[in-house]
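A.B. asks: Next up is a structure, given as structure tokens.
The values are calculated or read from the model by the stated rules, or taken from the named source; none is laboratory data. These numbers come from a predicted model, not from an experiment. Reconstructed Cβ throughout: ideal geometry from the backbone, glycine too, with neighbour counts over all protein chains shown.
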Amino acid sequence: MPNFQHFGLYFTADHLHTAQKYADREPFQTAWAYLNAAPDDLVINGLRYRLSENQAAGEQTARTLLSGYGLDLNAYTSYFDALAAAVTLAHAAELVRDHSAFDFNIWATGYTALADSLQQPPEGSTIVEQVWLGFVNLVSGIVLEAEDRFEAGCETFRQTIAQIRPEGYLAAAVDGGDEASFQRQYWVVAALVCMAEAAAHAGVDLWGYNYRGISVTTAAAYVTYYYYYPTQWRWATIPEEPTKALFKTFGSFLEIVYHRARPHDLKLLLDEQRPLYNAALGGLTTLTHAHPAKERRGLFG
């Protein structure tokens, strides 16, 4: 049974304490600077409220949410865009849930309607949309304290893990042998990582869930390999620079992987791409999930 906590979907007060304690040490120093300088958006302003107690920023996110922003399904150009927005809205709402300007119950009525309207994927939807619907269900279950939604998301997670091959790829993502096969694999793994982290803070261990020894960290390691060796993707030829750009723009979930598992082969990627931020994939995870760099010692230790 989940134990819903309301601080942030992907982090707790302990994460904030670490970010504050090591604010003058990398990568936190750069991440704090990014938070202060980044253009306004729902999650950035929500993080400014939650992490820095910036009341004005929190009020801006609260009022935008209460305006109905993002709740009109017809405003999205694709079903996937709507799913990603629903995840982002859930995170933003959690960040300002206790702000005096935010009437959660009013907002939740409209958000529930959006989440319900997403329950029927369009014909021809891929594994990406199916997993991201599970992502929406899991996070909306947390925000709305709806155990049925939350468990539906967890079940999507478990079913997807059961389909991952021992090497780490998902056949349903790479089938077709087209250039987009890597992106499909990437979007599935990104969602699974964020789902596992959000569930962990609701008291449900999806990080430890495995099927025949295969877990979400297996799939994350598989994706990471192609940051370094994109030409080795065996299902299609994928361009090197756009592939690396994918990690920069949408790689925030990998900071969560490193926080949980500390895989050695992720360190170079993170060092090259930090700070990592994406509103739909964990937020400013370099600030909430990074480990502080070791202090440099003097010549004699």
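A.B. asks: Given the condition of a type outside the set (S, T, Y), touching a His at 6+ places or on another chain (Cβ under 7 Å), part of a helix (DSSP H, G or I) and surrounded by 15 or more Cβ atoms within 10 Å (Cβ to Cβ), answer yes or no: does some residue in region 88-98 qualify?
C.D. replies: Checked against the condition, which is being of a type outside the set (S, T, Y), touching a His at 6+ places or on another chain (Cβ under 7 Å), part of a helix (DSSP H, G or I) and surrounded by 15 or more Cβ atoms within 10 Å (Cβ to Cβ), region 88-98 yields at least one hit.
A.B. asks: Of all residues in region 196-232, which are over 20 Å from the mean Cα position of the chain (by Cα), under 17 Å from D265 (Cβ atoms) and surrounded by 18 or more Cβ atoms within 10 Å (Cβ to Cβ)?
C.D. replies: Residue satisfying the conditions is P230 alone.
A.B. asks: Just wondering, is there one or more residues in region 138-153 that are assigned to a loop (DSSP other than H, G, I, E, B), out of contact with any strand residue (DSSP E or B) (no Cβ under 7 Å at 6 or more places or on another chain) and surrounded by fewer than 23 Cβ atoms within 10 Å (Cβ to Cβ)?
C.D. replies: yes
A.B. asks: Among the numbered criteria (1) at pLDDT 95 or above; (2) of a type in the set (A, V, I, L, M); (3) touching a helix residue (DSSP H, G or I) at 6+ places or on another chain (Cβ under 7 Å), which single criterion is violated by A200?
C.D. replies: With (1) at pLDDT 95 or above; (2) of a type in the set (A, V, I, L, M); (3) touching a helix residue (DSSP H, G or I) at 6+ places or on another chain (Cβ under 7 Å) applied to A200, the lone miss is (3).
A.B. asks: Okay, moving on. What's the number of the only condition in (1) modelled with pLDDT under 95; (2) in contact with a strand residue (DSSP E or B) (Cβ under 7 Å, 6 or more places away or on another chain) that E179 fails to meet?
C.D. replies: (2)
A.B. asks: In region 7-21, what residues are within 17 Å of the chain's Cα centre (by Cα) and either modelled with pLDDT under 95 or of a type in the set (D, E) (or both)?
C.D. replies: If the condition is that a residue be within 17 Å of the chain's Cα centre (by Cα) and either modelled with pLDDT under 95 or of a type in the set (D, E) (or both), then F7, G8 are the ones that fit.
A.B. asks: Take residues that are without any contact (Cβ under 8 Å) to a residue 40 or more places away in the chain and farther than 22 Å from A180 by Cβ and tell me which of the helices (runs of 4 or more DSSP H) falling wholly in region 212-301 contain 2 or more.
C.D. replies: Per the criteria, 252-261, 267-273.
To keep it simple, each residue is scored yes or no on (1) surrounded by fewer than 20 Cβ atoms within 10 Å (Cβ to Cβ); (2) out of contact with any helix residue (DSSP H, G or I) (no Cβ under 6 Å at 6 or more places or on another chain); (3) among the hydroxyl-bearing types (S, T, Y).
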residue: F4; (1), (2), (3): yes, no, no
residue: T12; (1), (2), (3): yes, yes, yes
residue: P39; (1), (2), (3): yes, yes, no
residue: S52; (1), (2), (3): yes, yes, yes
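A.B. asks: Limited to region 6-54, what total is found for residues that are touching a residue at least 12 places away in the same chain (Cβ under 8 Å), part of a loop (DSSP other than H, G, I, E, B) and either under 20 Å from L281 (Cβ atoms) or in contact with a Lys or Arg (Cβ under 8 Å, 6 or more places away or on another chain) (or both)?
C.D. replies: Of the residues in that region, 11 qualify.
A.B. asks: Given the conditions (1) in a helix (DSSP H, G or I); (2) touching a residue at least 40 places away in the same chain (Cβ under 8 Å); (3) within 26 Å of F11 (Cα to Cα), report the number of the one that F182 does not fulfil.
C.D. replies: (3)
A.B. asks: Still on this structure: Those residues that are assigned to a helix (DSSP H, G or I) and either at positive phi or buried (at least 23 other Cβ atoms within 10 Å of the Cβ) (or both), I need them from region 58-81; list them, please.
C.D. replies: Residues satisfying the conditions are G58, T61, A62, L65.
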